[in-house]
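Read through the structure below, which is laid out as structure tokens, and then see the notes.
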Amino acid sequence: MEPITRFEGLAAPLALDNVDTDQIIPARFLRKPRDADYQRWLFHDLRFAPDGSPLPGFVLNRPPFDAATILVAGRNFGVGSSREAAVYALQAFGIRAVIAESFGDIHYSNALKNGLLPIRLPPERVRALREAAEGGGLRLTVDLERCVVASPDGAEDPFAVPAFARDCLLRGLDEIGLTLTHLPEIEAFEARHAV
Amino acid sequence: MSARTLFDKIWDAHVVLRRDDGLCLLYIDRHYFHEGSFHAFNQIAARGLPIRRPDLTFGFGDHYAPTLARSLDGVADPEIRGIIGTFERNVAAHRLTAFRLADPDQGIVHVAAPELGLTLPGMTVVCGDSHTSSHGALGALAFGIGASEVAHVFATQTIWQAKPKQMLVRFEGTPAPGVTAKDMVLALIARIGTGGAIGHAVEFAGEAIRALPVEGRLTICNMTIEAGARTGMVAPDETTFAWLAGRRYAPPAPDPRWRELFTDPGARFDAEVVIDTGTLSPMATWGTSPEEAAPITGRVPRAAEAPDAARAAAWARSLAYMGLEGGEAFADIPLDVVFLGSCTNARLPDLRAAAEVLKGRRVRVPMIVSPGSEAVRRAAEAEGLDRIFAEAGAEWRHAGCSLCAAMNGDIVGPRRRCASTSNRNFPGRQGREARTHLVSPRSAAASAVAGRLVPAEAL
Ligand code: SF4
């Protein structure tokens, strides 16, 4: 994986709580291959009418938000199904970070494993950033080294990321490779642990 | 050693190593996969890695399984055929044990694996499916994971985890007649919300949990994820041991270590919720989140009755999606279809409860019954439940996820309304624009007879 240290991007507001992963990518698209078209399944039923035409009311269909790389959501983003495809679809669209008050536990770890940054901020800050993003000109800087989200007005919002995940992301390390260096410990555990 | 919870005991017994920041590498005793796990197979294939412990890895063909027949003959969609084919190829390539479509023990992973005795007290269990929390009903530490984590478990038989906080949910008292495990868990989620247990592992305890058969405990642990928690668990007891006796993969007698699996007196939880079970009624959801639930004997709330402005906006959106005004009695809401199935409520006692209601009656709207496993289907047929369903006019299907997630081609249809015994009423869960009301098997059967949302007592 490419190391992630710091990036800047346009923020899009998604003023919805409890956006479950079924809404991020409906189940009928889970059988689709992860190809160039994958971004099409993102928020599909919120983004497209049954005839396939884009719904103008949905934020990611409106310029400049169609080029957003940071999503500012609400409470409990990514609850529900464990489908990692929700992360793949967000990334295929170009989203690199999601800011929310809270995240579904499984979605949170799926995002980290794939280099999509899930950023938890206090409710009042999430609301403020979402409102600031509405005009379409909010460019935020996400700094993983310092663990802050920097706004153009100079405000800095610190956020927490589990240390191990942060380390892997900063160095572009692969978790499986890292764990396999502990094979002797795993084997020793197996020798004393009867399943 | 200081007092430990059930969760602590299982966790501690599986720590391979612990980092300074507290992150632990946990050993996994059982890893289940399904057709949707193909991303993880691709990930290990791309790196040329083998599956480290194929003997601890078991596959279930459930999400895409056709429920009308046990072959792909009637399956027209090439993508569904393709994904089942991929599953079969991965099973063969890695020489894994899998319960495929034609296997007599095929079923939904969270129904079939416990039934086979694969999930046992004290084990760590993972699967690339959020309802893996179900298996905690046997006294296991079980949680759903994503595809990258599935690949990690394939390659290493371990997973990195930070220890979550812990929550105790006590169901005290005795439920009123007609109040089932499904109603208990829906009432809990209505109370604490879908985010209520995020970041926590939940232990369910109390008199009403002790009194539940294993199947009811599976229903409750199944829906723990709908309250935001990855893990739900119940301390194993004589009920558990008796239920496991004689199952194919279970030991012939209870392992003496299973009797150590309980929360020590004085062990601390980060949060505690107490429910007076005696005050609960049969429940139904009215919105598009499992927390949007109310007693089925009552009314759908109006958006204006929401506790705060944010919730009022969310309720208004949910009601609009559901085609409801707010304020109507559940008993006045006409249904288009009823689904009795899914890993929440398609075990033998669930089918019995529905059949008891249907006996001597006729359904007014189409009702689909899909047993949770082929073993459940056989057991139900052996006691004549299939005939009761058929005589009532319900359709008797094979095992699979079916209408729960509408992945296998079964869908409810746009703006059509379904009473469903499954676990999620999210927008589009049962097909685009489908309207889902979550209920218990008893209420599902009664609602099929009435053609409207009613409890069994209303017939
Ligand atoms: S029955 Fe539904 S909830 Fe259960 S595993 Fe299948 S799709 Fe998931």
Inset, instruction - Tell me which residues, restricted to region A:83-125, are away from every other protein chain (no Cβ under 12 Å) and of a type in the set (A, V, I, L, M, F, W, C). - result: A:89, A:90, A:92, A:93, A:95, A:97, A:98, A:99, A:117, A:119, A:121
Legend entry - Hits in region A:10-43 - residues which are touching a His at 6+ places or on another chain (Cβ under 7 Å) and within 9 Å of chain B (Cβ to nearest Cβ): A:21, A:26
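Conditions (1) crowded, with 18+ Cβ neighbours inside 10 Å; (2) modelled with pLDDT of 95 or more, marked per residue:
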| position | (1), (2) |
| --- | --- |
| A:122 | no, yes |
| A:128 | no, yes |
| A:131 | no, yes |
| A:140 | yes, yes |
| A:152 | no, yes |
| A:170 | no, yes |
| A:175 | yes, no |
Legend entry - Which numbered condition residue B:265 fails, given (1) assigned by TED's automatic domain parsing to the domain that holds residue B:385; (2) modelled with pLDDT of 95 or more: (1)
Inset, instruction - Would you confirm whether any residue within region A:50-73 is part of a loop (DSSP other than H, G, I, E, B), surrounded by fewer than 20 Cβ atoms within 10 Å (Cβ to Cβ) and within 11 Å of chain B (Cβ to nearest Cβ)? - result: yes
Legend entry - strands (runs of 3 or more DSSP E) completely within region B:357-448 that count 2 or more residues being farther than 29 Å from residue A:77 by Cβ, within 15 Å of the ligand (Cβ to nearest atom) and within 19 Å of the chain's Cα centre (by Cα): B:367-369
Legend entry - region A:20-36 - residue that is part of a helix (DSSP H, G or I) and more than 13 Å from the ligand (Cβ to nearest atom) and, of those, surrounded by the fewest Cβ atoms within 10 Å (Cβ to Cβ): A:29
Inset, instruction - List the number of the failed condition for residue B:25; all other conditions in (1) facing chain A (nearest Cβ under 9 Å); (2) part of a helix (DSSP H, G or I) hold. - result: (2)
Legend entry - Odd one out for residue B:330, checked against (1) touching a helix residue (DSSP H, G or I) at 6+ places or on another chain (Cβ under 8 Å); (2) within 20 Å of residue B:422 (Cβ to Cβ): (1)
Legend entry - Selection within region B:167-189 - surrounded by 20 or more Cβ atoms within 10 Å (Cβ to Cβ) and either within 14 Å of another protein chain (Cβ to nearest Cβ) or of a type in the set (A, V, I, L, M) (or both): B:167, B:168, B:169, B:179, B:181, B:184, B:185, B:186, B:187, B:188, B:189
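The values are calculated or read from the model by the stated rules, or taken from the named source; none is laboratory data. Note that the structure is predicted; figures quoted are calculated from it, not measured. Because the Cβ atoms are built from the backbone with ideal geometry, glycine has one as well, and the counts that use them run over all protein chains shown.
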